[in-house]
Amino acid sequence: MMILIFPPVAKPCEPPAGVALLSAALKEQGIGCCVVDANVEGLMYLIHSVKEPIDSWSQRALKNRDKIIGDLKDPALYKNMDRYHQRVYDLNKLLSISVDSKRFRITLSDYSDNKLSSVNSKDLLKSAEIYHENPFYPYFEKELKPQISSMDSEFIGISLCYLNQALVSFALAGWIKDNFKDKKLVMGGGLISSWMSRPDFDDPFKDLIDVMIKGEGEQPLLELMGKKNIEKRHYVPDYDFIKQDLYLSPGKILPFRATIGCYWSKCRFCPEKAETRPYSSQRATKVLDDVKNMAKAYQPDVIHFIDNAVTPAFMKTLSQEDSGFKWYGFVRFEKEFLSASFCRDLKKNGCEMLKLGLESGDQGVLDQMNKGTDLDMVSATLKNLHGAGILTFVYLLFGTSFEDEKAAFKTLEFVEAHKDYINYLNMAVFNLPKFSDDALDLDTQEFYHGDLSLYLNFNHPHGWDRRKVKNFLDKTFKKRAFSNGKIKRNPAFFSSNHAMFF
Ligand code: SF4
């Protein structure tokens, strides 16, 4: 028997896929598994723990707490972005006053502690030692303890995927070690994998965590439980752990991963490339069968494909029949989108929104990035998707070593020329992955001070540094790109996770 815990803080709008896949792998081999989404439970615990308001805003939010939570699960709220934002900020206000706000900053998507850093192994171990200071400690004691105590399990796995979960994950580990001395701790997930991929990684957590897992966790966990040589890598996620109505979304969203890794894996700026996770996929028709089985078991309203990029072959399969669910996910600009009828078929058969990594509107920059994208094709794709009624969520990346100010202006001009076909925009400032090939050619400095930091700062070869990029985004880009209101504002905190509902 194994207990798998997904710790706070991550967006509480859908269940976590990683632990659901691990649970499926274990159960398929006859090993009992219980998943606890401590993220959604913990955040809800904090929101409900507020008893005293501190000002008129929190007084109003406290009085309407149940209604705010109910509204965020009601599709009607998603007709009005301003009302939606009011509800999200109200809930966030309650979260912020549920903790010592001088020390901790907790939102519906972030967690930070001004005394401890998430990228410093000593601080993470300190978080484990002083777990009783963690804001989620009362949740551990009151809600998690009875759940763990009721299960006869030798191992407890903690799934650490995002930086915002790191300090709480270690506080949780410290609390488990103190309270359940007979249990062995296993830790894995995306962030642990990234840390373990560092060439200089020398496990600083060995006295606390019994087993650390790098990469996909299914095979190592099965081995740990005595099931050796299981080659299978693709599973239908097991969402039996979902507790009714806890997630803040206007419908049941279930994540599904059709592929492992990225089928392109060539973009020079991408951490996926630096970590070289071997790509793995299955036949498109088999994947569709798996998705249908999941849909039959749990009746989701929406399926969120969490692949780095949904493959053209799978999209074709999805476009050919009505499988009875709506979906959205990341895709690359592929030639299939040049057919307007293909885009219409996608929409007809459930595709509501596509997330597209454009990165730059300058062809020279795209070529140097090795993005494999042609801007004429992008233009036609955006028009076809818009014409078919599929929402487009376009991702841009500024400040790479390939870009200068002139190229950034070209991106702005490209966006301005396509305003009618872009529904949402995400603008990111580039972080240089520490162990990437590109880092070798640049003049670099530490970015965050911490032995587990994954990124570097660098002197930009064309003087287009972070300060200038941020200035450009705030003072020029945002003003012009959003000027006529055609491109919508991103939903606060939840961003693309709620975008398709507007
Ligand atoms: S397509 Fe996306 S995930 Fe794949 S290498 Fe490029 S940026 Fe990375």
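Applying the set (1) more than 16 Å from the ligand (Cβ to nearest atom); (2) at pLDDT 95 or above to GLY324 leaves exactly one unmet item: (2). Candidates GLU359, GLU405, GLU416: the one that is on the phi > 0 side of the Ramachandran plot and at pLDDT 95 or above is GLU359. Of all residues in the range 144-168, those that are under 24 Å from VAL50 (Cβ atoms) and in contact with a strand residue (DSSP E or B) (Cβ under 9 Å, 6 or more places away or on another chain) total 6.
Restricting attention to the range 203-232, the residues that are more than 25 Å from the chain's Cα centre (by Cα), over 21 Å from GLN165 (Cα atoms) and charged (D, E, K, R) total 4. What about ILE306, is it within 16 Å of the ligand (Cβ to nearest atom), within 25 Å of LEU72 (Cβ to Cβ) and in contact with a Pro (Cβ under 7 Å, 6 or more places away or on another chain)? Yes: the conditions hold for ILE306. Which residues, taken from the range 58-103, are in contact with a strand residue (DSSP E or B) (Cβ under 7 Å, 6 or more places away or on another chain) and surrounded by fewer than 19 Cβ atoms within 10 Å (Cβ to Cβ)? Listed by number, the residues that qualify are SER96, ARG103. When PRO491, PRO461 are checked against the criterion of being in the same structural domain as ILE306 (by TED's automatic domain parsing), touching a residue at least 60 places away in the same chain (Cβ under 8 Å), of a type outside the set (S, T, N, Q) and within 28 Å of CYS13 (Cβ to Cβ), PRO491 stands alone in meeting it. Here the helices (runs of 4 or more DSSP H) wholly within the range 193-298 that include at least 1 residues being within 16 Å of the ligand (Cβ to nearest atom) and among the acidic types (Asp, Glu) are 271-275.
The values are calculated or read from the model by the stated rules, or taken from the named source; none is laboratory data. Not measured: the values here are computed from a predicted model. Backbone-built Cβ (ideal geometry, glycine too); neighbour counts: all protein chains shown.
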